[in-house]
1. Scan region 199-225 residue by residue and report those that are part of a loop (DSSP other than H, G, I, E, B), closer than 24 Å to residue 14 by Cβ and more than 16 Å from ligand 2 (Cβ to nearest atom).
2. Whether any residue in region 71-85 is in contact with an Asp or Glu (Cβ under 7 Å, 6 or more places away or on another chain) and in a loop (DSSP other than H, G, I, E, B) is what I want to check.
3. Cβ-Cβ distance below 6 Å, separation of 6 or more or different chains: which pairs start in region 264-278 with a residue that is in a loop (DSSP other than H, G, I, E, B) and end on one that is at pLDDT below 95 and within 11 Å of ligand 1 (Cβ to nearest atom)?
4. Being over 19 Å from the mean Cα position of the chain (by Cα), more than 14 Å from ligand 2 (Cβ to nearest atom), of a type in the set (D, E, K, R) and more than 23 Å from residue 372 (Cα to Cα): is that true of residue 193 here?
5. Out of 145, 127, 122, report the one residue that is in a loop (DSSP other than H, G, I, E, B) and either of a type in the set (A, V, I, L, M, F, W, C) or without any contact (Cβ under 8 Å) to a residue 60 or more places away in the chain (or both).
6. Among the hydroxyl-bearing types (Ser, Thr, Tyr), more than 26 Å from residue 297 (Cα to Cα) and modelled with pLDDT of 95 or more: which single residue out of 57, 100 fits that description?
7. Enumerate the pairs (first residue in region 19-42 and closer than 23 Å to residue 108 by Cα; second residue anywhere and within 12 Å of ligand 3 (Cβ to nearest atom) and part of a strand (DSSP E or B)) with beta-carbon separation below 8 Å, excluding pairs fewer than 6 apart on the same chain, so at least 6 apart or on different chains.
8. Yes or no: residue 270 surrounded by 24 or more Cβ atoms within 10 Å (Cβ to Cβ) and either within 16 Å of ligand 2 (Cβ to nearest atom) or modelled with pLDDT of 95 or more (or both)?
Amino acid sequence: MSTIAIVGTQWGDEGKGKIVDILSEKADYIVRFQGGNNAGHTVVIDGTKYILHLLPSGILHDEKKCVLGNGMVIDLEGLLNEIEFIKKIGMSIEGRIFVSERAHLILPYHKELDAASEKLKGNGSIGTTLKGIGPAYRDKAGRIGIRIADLRDEETFKEKLKWNIREKELILKHVYNYDMSFDFDEVYSHTMRVYEKISPFVADTVSLLNQAIDTGKKVLFEGAQATLLDIDVGTYPYVTSSNSSALGITTGTGISPKKIEKIYGIAKAYTTRVGGGPFPTELKDNVGELLRARGHEYGSTTGRPRRCGWLDLFALKFSKMVNDLDGLIITKLDVLDAFDEIKVCVGYELNGEIIDYFPSTAKELSEVKPVYETLPGWKSKTTHIKRFEDLPKETQNFLKFIEDYLEVEIPVVSTGPQRDETIPRHEIW
Ligand code: GDP
Ligand code: IMO
Ligand code: MG
């Protein structure tokens, strides 16, 4: 196997960081293809927790090459801080980080626009991470975005920045009623100062990755966010602004769909969501609170408490279809160790009728009632179990139920945040 991808199948925070870190062992390149520092990917090594927002989760393996693809939106200062952190913990970065010259920049006005837009929406706000992601992608689609390559030519950058600042001030003033100005000289010189430190890492990653694949290198694509947050197939408008399912891999890297060999999804053994939007299996009771407490469900990027609920297999069926998953990795199984019984959603009812499709509108999805199957809990610790056969019978049945319902294999099960708290079942590569 030469290329594999790991993508979230729910609303994010499924444990992509942990799994990508483990799979990086066998990879030559680990590649982010969309999103920006709205992501928070946690890797725990020997009890120490590392949260990565922009650098791929393979960065904690010396020797591995990490790529930030053209589909990303990059906050240069955030990136510099992460690179400095990696250096500080004594890891080499020499020849290991490649940032696409085609990636778009997040600039200070994007963050202000993110906040202004959320404020204006009031109760209907998306609950974004306020990192400026949506406004940066808006500029990309509007063909006024500034790309990393633009910083190579001072005149080009100056011209584009001037135009953008003027446009953003007008929008902030006349649309959002914010009287805000940006000091051109300050934004320009600050961006250039940071860019000087990042420039050694800037590369034509489209050619780099295609050549790597053509010469038999192993490339691991790391999704950020997740399928239900995908701008096209997710629960629009409560989504992020990029294609955060496997559908974004090709446009976000410049690699043909013909070259993506296997796609694996990740799901928690239950469901969480952070921010606004419909969530059919959400539990606003003690059970939801227990899931949050046991799973430490607080955002890695914003610290917000995550909304929690039972596993939604009906939604996962949609994710499986969209990504055409080769396998589904189940994480945080240990969080369910304390429950007498465990519910899984196996269908949706809308206006008293069972429906056979995953709703495309937020309104419909907010009105569905989940149909549950109740499975017995196992009430014992799974964290140190190393083999599938050694899991309690009820746990095995829970996992087999998921496999049968979704008609997909579970190649790996995760029972704790540490690298070795993992049960491998089938080779991934
Ligand atoms: P990501 O955004 O998909 O990388 O996920 P996050 O890092 O935002 O959130 C996952 C959280 O769960 C992190 O704190 C991980 O350390 C933790 N985690 C990952 N796998 C497991 C697991 O199997 N069990 C438990 N208890 N925690 C896990
Ligand atoms: P990882 O990669 C969970 C959510 C936000 C908000 C919506 C849009 O760690 O799984 P944005 O700032 O992207 O415009 O916010 O998407 N969101 C995430 N939720 N995990 C993430 O990333 C997320 N990134 C964005 O909470 O609802
Ligand atoms: Mg996260």
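The values are calculated or read from the model by the stated rules, or taken from the named source; none is laboratory data. Only a predicted model underlies this, so the values are computations on that prediction, with no experimental measurement involved. Counting neighbours? That spans all protein chains shown, and the Cβs are built from the backbone with ideal geometry, glycine included.
1. 218
2. Among the residues of region 71-85, not one is in contact with an Asp or Glu (Cβ under 7 Å, 6 or more places away or on another chain) and in a loop (DSSP other than H, G, I, E, B), which makes the answer no.
3. 274/299
4. Criteria met by residue 193.
5. 145
6. Of 57, 100, the one residue that is among the hydroxyl-bearing types (Ser, Thr, Tyr), more than 26 Å from residue 297 (Cα to Cα) and modelled with pLDDT of 95 or more is 100.
7. Note: pairs meeting the criteria are 32/222; 33/222; 39/52; 40/51; 40/52.
8. yes
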